[in-house]
Amino acid sequence: MQPIIEIRGLEKTYASGFQALKGVDLDIRRGEILALLGPNGAGKTTLISIVCGIVRPTSGSVTVDGHDILRDWRAARSLIGLVPQELTTEAFESVWATVSFSRGLFGKPPDPAVIERILKDLSLWDKKDTKVMALSGGMKRRVLIAKALSHEPRILFLDEPTAGVDVELRRGMWEMIGRLRDSGVTIILTTHYIEEAEEMADSIGVISGGRIILVEEKAALMEKLGKRLLTLQLQNPLDAIPAELAGYPLTLSEGGRELVYQFDTQQERTGIAGLLRKLGDHGITYTNLRTNESSLEEIFVSLVRERA
Amino acid sequence: MNLHAIKAIYKFELARTWRTLFQSIAGPVISTSLYFIVFGAAIGSRFAAVEGVSYGAFLVPGLVMMSVLTESVSNASFGIYMPRYSGTIYELLSAPVSAFETVIGYVGAAATKSVILGTLILLTARLFVDFSIAHPVWMVAFLMLTSVTFSLLGFILGIWADGWEKLQIVPMLIVTPLAFLGGSFYSISMLSPFWQKVTLFNPVVYLVSGFRWSFYGAADVPVALSLGMVALMMAVCLAVVWWIFRTGYKLKN
Ligand SMILES: Nc1ncnc2c1ncn2[C@@H]1O[C@H](COP(=O)(O)OP(=O)(O)O)[C@@H](O)[C@H]1O
Ligand SMILES: [Mg+2]
């Protein structure tokens with residue numbers, strides 16, 4: 001199936017001369033949740049802003065469901081809802097008025113039933129007549145989400161939706177995003193919380209310094225992450241792996257003072273018990289042992305550092 | 001054409017007017033009443049009739065024009081500056097709304113408000129002085145054209161300004177003086193020949209003159225010239241607005 005969003009060779013140089021995007025290629029599949037992970041200043045907001053029509057691209061192309069964002073902007077934009085990073089809301093309007101306004105702006109006829117459902121989904125129904133400025137930060141964030149959903153978009157961009165949102169609310173938001181995906185909406189969210197990407201995403205893209213470093217399905221990524229390391233500190237350094245242990249995925253490090261065993265936590269049997277027994281049988285003694293989990297965080301940090 | 005968007009913007013902007021009803025309508029109506037009390041009733045009775053019209057009645061079209069001009073500029077500029085200032089403009093920029101639709105929504109709402117205001121001032125004036133309207137259709141036409149033109153000017157100002165000071169300085173330093181010196185309080189035939197020539201560079205003169213003609217049938221400059229001048233100003237403003245959206249000036253990075 002054709003990706004719902006295709007980004008090709010996208011570059012952006014701001015008027016200041018700063019190049020925020022350095023040739024981004026990205027395909028986003030229909031109906032998935034893509035988490036764009038990257039440190040501050042990586043270009044996440046710039047990328048989203050270009051797709052949504054707020055920032056002009058310097059070069060490259062973006063199509064949304066086959067519609068070019070510049071030539072066929074009306075069709076492209078009608079499909080998209082955007083929740084911006086900053087909490088920017090009309091202060092003096094009621095929640096109901098500001099959400100209804102958004103629906104009209106995106107070309108949809110008024111439909112109180114739709115607005116009611118959205119506000120109820122976001123637990124804003126009892127606040128519908130309250131002025132936006134009287135709401136808490138978390139509620140304002142939800143008002144922004146309600147505005148973005150008011151025209152029933154096929155694609156939802158969430159730019160750091162849970163930044164500054166407390167843990168409990170964050171959970172609620174994740175659940176809501178999950179429900180949206182179940183209804184067929186494609187969701188792109190940016191975050192610098194690894195946990196968030198891990199929890200929700202189907203795919204994870206890592207962006208740093210204006211470049212996409214990696215895009216992978218979370219399951220595939222998790223498999224890589226599923227690899228754990230068992231490190232044994234040996235009493236007597238070894239020159240080579242003894243022939244008797246050739247069947248195990250073992251490596252030596254620290255000049256033969258450490259024996260490293262790679263195993264897969266996804267598998268039922270890790271083989272650790274068998275390995276340790278064999279080591280005993282062959283008189284290889286160790287003074288200490290530890291296991292390492294290479295987390296998404298570690299991969300992320302090393303990726304970003306590598307490219308910087 | 002995204003009609004729903006035009007309607008949404010228009011309604012949203014007028015709702016702002018209702019919220020701030022007192023300062024947006026009552027304020028100008030009260031200050032205009034004061035002008036009538038001072039100039040029309042108190043001092044005006046000592047003035048000779050101008051071109052066969054009592055001074056109080058002579059004042060009416062000029063005062064209406066003056067309020068309409070300044071209010072159009074300040075309303076329209078505030079309407080578009082506010083979302084830029086608060087950041088909510090992101091939504092407009094990301095919506096499937098064309099420049100033309102945006103302008104109809106914002107400028108339409110500001111102009112509507114000005115027309116309502118102008119009408120209210122006329123009704124208020126009727127309480128103080130007796131006047132008649134010789135060409136009511138032209139009167140409405142001039143009122144509407146002026147409201148739209150100066151709302152466009154305000155819209156441009158609201159996009160150009162990058163601070164509250166600039167937003168207030170232009171109406172205060174340019175629009176208000178031009179309006180005051182535009183023949184609201186006098187006929188330019190009362191001026192010396194030199195100042196008559198200078199005054200002709202003031203676009204407001206043509207508006208006030210044309211508007212006054214629609215009341216009393218007498219004008220400082222030919223009516224066709226007044227109409228041509230409004231059309232010209234509107235064309236210039238439209239061209240600037242078109243350029244703003246084409247280039248993304250101050251709206252898009
Ligand atoms: N309007 C702008 N003018 C100049 N530089 C900008 C502008 N907006 C963002 N940048 C720069 O572009 C880079 C990417 O910013 P951004 O897309 O906001 O990153 P992120 O959302 O990943 O934190 C940053 O270094 C930022 O300073
Ligand atoms: Mg950002």
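Out of A:D166, A:D159, report the one residue that is out of contact with any His (no Cβ under 6 Å at 6 or more places or on another chain), open to solvent by less than 10 Å² (accessible area, probe 1.4 Å) and among the acidic types (D, E).
After applying the criteria, what remains is A:D159.
Here's the yes/no breakdown for (1) under 30 Å from A:A42 (Cα atoms); (2) at pLDDT 80 or above:
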site	(1), (2)
A:P249	no, yes
A:F263	no, no
A:D281	no, yes
A:I284	no, yes
A:T287	no, yes
A:I299	yes, no
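Criterion first (away from chain B (no Cβ under 13 Å) and either on the phi > 0 side of the Ramachandran plot or among the aromatic types (F, W, Y) (or both)) does A:W125 satisfy it?
Judged against the criteria, A:W125 is a match.
Within the range A:109-122, is even one residue within 11 Å of chain B (Cβ to nearest Cβ) and either within 16 Å of ligand 1 (Cβ to nearest atom) or in a helix (DSSP H, G or I) (or both)?
The answer is no, given that none of the residues of the range A:109-122 is within 11 Å of chain B (Cβ to nearest Cβ) and either within 16 Å of ligand 1 (Cβ to nearest atom) or in a helix (DSSP H, G or I) (or both).
For the range A:67-80, how many residues are at pLDDT 95 or above, away from chain B (no Cβ under 11 Å) and assigned to a loop (DSSP other than H, G, I, E, B)?
0
Given A:L36, A:L47, which one is part of a strand (DSSP E or B), within 16 Å of ligand 2 (Cβ to nearest atom) and either more than 12 Å from chain B (Cβ to nearest Cβ) or farther than 21 Å from B:N2 by Cβ (or both)?
Exactly one residue qualifies, and that residue is A:L36.
Across the range B:206-222, what is the total count of residues that are in contact (Cβ under 8 Å) with a residue 60 or more places away in the chain and buried (at least 17 other Cβ atoms within 10 Å of the Cβ)?
Counting residues in the range B:206-222 that are in contact (Cβ under 8 Å) with a residue 60 or more places away in the chain and buried (at least 17 other Cβ atoms within 10 Å of the Cβ) gives 9.
Which condition number in (1) part of a loop (DSSP other than H, G, I, E, B); (2) within 13 Å of ligand 2 (Cβ to nearest atom) is the one that A:A91 fails?
With (1) part of a loop (DSSP other than H, G, I, E, B); (2) within 13 Å of ligand 2 (Cβ to nearest atom) applied to A:A91, the lone miss is (2).
Enumerate the pairs (first residue in the range A:269-288 and within 18 Å of A:L229 (Cα to Cα); second residue anywhere and surrounded by fewer than 16 Cβ atoms within 10 Å (Cβ to Cβ) and at pLDDT 85 or above) with beta-carbon separation below 6 Å, excluding pairs fewer than 6 apart on the same chain, so at least 6 apart or on different chains.
A:Y286/A:Q233; A:T287/A:Q233; A:T287/A:Q235; A:N288/A:Q233
In the range B:101-110, is there at least one residue being open to solvent by 10 Å² or more (accessible area, probe 1.4 Å), within 14 Å of another protein chain (Cβ to nearest Cβ) and closer than 21 Å to A:F106 by Cα?
Within the range B:101-110, one or more residues are open to solvent by 10 Å² or more (accessible area, probe 1.4 Å), within 14 Å of another protein chain (Cβ to nearest Cβ) and closer than 21 Å to A:F106 by Cα.
Could you list, in sequence order, all residues of the range B:11-31 that are within 18 Å of the chain's Cα centre (by Cα) and either of a type in the set (S, T, Y) or at pLDDT 85 or above (or both)?
B:E13, B:L14, B:T17, B:S24, B:I30, B:S31
From the set of residues in the range A:152-178 that are away from chain B (no Cβ under 14 Å) and among the β-branched types (V, I, T), which is nearest to ligand 1 (Cβ to nearest atom)?
Here the answer is A:T162.
Just to check your reading of the model, which residue among A:V83, A:V95, A:V24, A:V62 is under 21 Å from B:M82 (Cα atoms) and more than 11 Å from every other protein chain (Cβ to nearest Cβ)?
Among A:V83, A:V95, A:V24, A:V62, only A:V95 is under 21 Å from B:M82 (Cα atoms) and more than 11 Å from every other protein chain (Cβ to nearest Cβ).
Can you report the number of residues in the range A:58-86 which are within 16 Å of ligand 1 (Cβ to nearest atom), surrounded by 15 or more Cβ atoms within 10 Å (Cβ to Cβ) and not polar (S, T, N, Q)?
5
Of A:I28, A:I54, which residue is in the same structural domain as A:G138 (by TED's automatic domain parsing) and within 16 Å of ligand 1 (Cβ to nearest atom)?
A:I54
Going by what's in this entry, would B:D130 be described as closer than 22 Å to B:S209 by Cα and not in a helix (DSSP H, G or I)?
Considered against the rule, which asks whether it is closer than 22 Å to B:S209 by Cα and not in a helix (DSSP H, G or I), B:D130 comes out as yes.
In the set B:V103, B:V129, which member is farther than 30 Å from A:I69 by Cα and hydrophobic (A, V, I, L, M, F, W, C)?
B:V129
Within the range B:109-122, does at least one residue satisfy the condition of being assigned to a loop (DSSP other than H, G, I, E, B), closer than 26 Å to B:F58 by Cβ and among the small types (G, A, S)?
no
Being open to solvent by less than 30 Å² (accessible area, probe 1.4 Å) and more than 30 Å from A:I33 (Cβ to Cβ) is the filter; apply it to the range A:205-241 and report the residue that is modelled with the lowest pLDDT.
Only one residue tops the list, namely A:L230.
Here is a yes/no grid of residues against (1) modelled with pLDDT under 90; (2) closer than 30 Å to A:V51 by Cα; (3) part of a helix (DSSP H, G or I); (4) away from chain A (no Cβ under 14 Å):
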position: B:P171; (1), (2), (3), (4): yes, no, yes, yes
position: B:V175; (1), (2), (3), (4): yes, no, yes, yes
position: B:S189; (1), (2), (3), (4): yes, no, yes, yes
position: B:K197; (1), (2), (3), (4): yes, no, yes, yes
position: B:W213; (1), (2), (3), (4): no, no, yes, yes
position: B:L227; (1), (2), (3), (4): no, no, yes, yes
position: B:F245; (1), (2), (3), (4): yes, yes, yes, no
position: B:Y249; (1), (2), (3), (4): yes, yes, no, no
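Is it the case, given these coordinates, that A:A91 is among the aliphatic types (A, V, I, L, M), buried (at least 16 other Cβ atoms within 10 Å of the Cβ) and either in contact (Cβ under 8 Å) with a residue 24 or more places away in the chain or away from ligand 1 (no atom under 16 Å from the Cβ) (or both)?
In short, no.
The values are calculated or read from the model by the stated rules, or taken from the named source; none is laboratory data. The structure displayed is predicted, hence computed values, not measured ones. Counting neighbours? That spans all protein chains shown, and the Cβs are built from the backbone with ideal geometry, glycine included. Note: areas computed on protein heavy atoms with side chains; ligands, DNA, RNA excluded. Shrake-Rupley method; radii C 1.70, N 1.55, O 1.52, S 1.80 Å.
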